[in-house]
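Trainee: I have a structure here, written as structure tokens, and I will follow up with some questions on it.
The values are calculated or read from the model by the stated rules, or taken from the named source; none is laboratory data. Note that this is a predicted model, so its numbers are computed, not measured. Ideal geometry is used to build each Cβ from the backbone, glycine not excepted, and the neighbour counts take in all protein chains shown.
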Amino acid sequence: MIRVLVADDQPLMRTAYDMTLRSEADMQLVAEAADGQQAVEQTRRLRPDVVLMDIRMPILDGVQATRILAAEDKSTKILILTTFDFDEYVIEALRAGASGFLLKDVRPDELVQAIRVVARGDALLAPSVTRRLLDTFAGSRPPLRPKKASLLGALTDTELKVLKLVGKGLSNEEIARELFVADTTVRTHIRHILDKLDLRNRVQAVVLAYDTGLVQPNPR
């Protein structure tokens, strides 16, 4: 059973998500939150598998709530809900540790599938889409490179190459062809990269590759 917490300041949206989840035999809505502070408190108390987190809420927004929860417990998967896909707040939520994002007008079947994907530990957002998001907002944030770049010293030369290719949006199969290795070898390298850099998922790896300057943004 996938236990889900919904955080959204709009009652109608919470009702819609509730109706969607009730029809799924493998899902249970364990709580609702009307703001980010409630989302943090309810998540700490109930330990849901997946949190559906609205990006813009009162008291604490979705980015702040995601940052707090991701720092406290890696097992909690957070799926961001947003009205606009190319939103700078989405980037901050991905940096903070969200497993991906969905538009609020997503179809019920797509929402259910997304929850299942995130619950099993996979990142919902394709790395190439993350890359487009980062390129869109290149230069709009203060540089993070001096502080972040030092983290890369923990990686081997091969792991650094893999991280760079992940940051460019390549799939495991494409990375394997690029480096002339097996897909299983690529998966092993990525697991080591996430462990060494204390990253929650592949999406965060893409964001870090950008933040450290390992991958340069495409000209807008």
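Trainee: Exactly one condition in (1) under 28 Å from Tyr210 (Cα atoms); (2) among the acidic types (Asp, Glu); (3) at pLDDT 95 or above is not met by Asp61; state its number.
Mentor: Unmet for Asp61, out of (1) under 28 Å from Tyr210 (Cα atoms); (2) among the acidic types (Asp, Glu); (3) at pLDDT 95 or above: (3).
Trainee: Checking the conditions here, which among Val181, Val117, Val186 is under 20 Å from the mean Cα position of the chain (by Cα), surrounded by 13 or more Cβ atoms within 10 Å (Cβ to Cβ) and modelled with pLDDT of 70 or more?
Mentor: Testing whether each residue is under 20 Å from the mean Cα position of the chain (by Cα), surrounded by 13 or more Cβ atoms within 10 Å (Cβ to Cβ) and modelled with pLDDT of 70 or more leaves just Val117.
Trainee: Still on this structure: For the range 44-59, name all the residues that are more than 16 Å from the chain's Cα centre (by Cα) and either crowded, with 19+ Cβ neighbours inside 10 Å or in a strand (DSSP E or B) (or both).
Mentor: Result: Pro48, Met57.
Trainee: Could you list, in sequence order, the residues of the range 1-25 that are surrounded by 13 or more Cβ atoms within 10 Å (Cβ to Cβ) and touching a strand residue (DSSP E or B) at 6+ places or on another chain (Cβ under 6 Å)?
Mentor: Ile2, Arg3, Val4, Leu5, Val6, Ala7, Asp8, Arg14, Tyr17, Asp18, Leu21, listed by residue number.
Trainee: Does Gln28 satisfy the criteria of being more than 19 Å from Gly121 (Cα to Cα), assigned by TED's automatic domain parsing to the domain that holds Arg107 and surrounded by fewer than 22 Cβ atoms within 10 Å (Cβ to Cβ)?
Mentor: no
Trainee: Going through the range 197-220 one residue at a time, which ones are of a type in the set (Lys, Arg) and surrounded by fewer than 16 Cβ atoms within 10 Å (Cβ to Cβ)?
Mentor: Arg220
Trainee: Is it fair to say Phe101 is at pLDDT below 90 and surrounded by 15 or more Cβ atoms within 10 Å (Cβ to Cβ)?
Mentor: Here the answer is yes, as Phe101 does meet what is asked.
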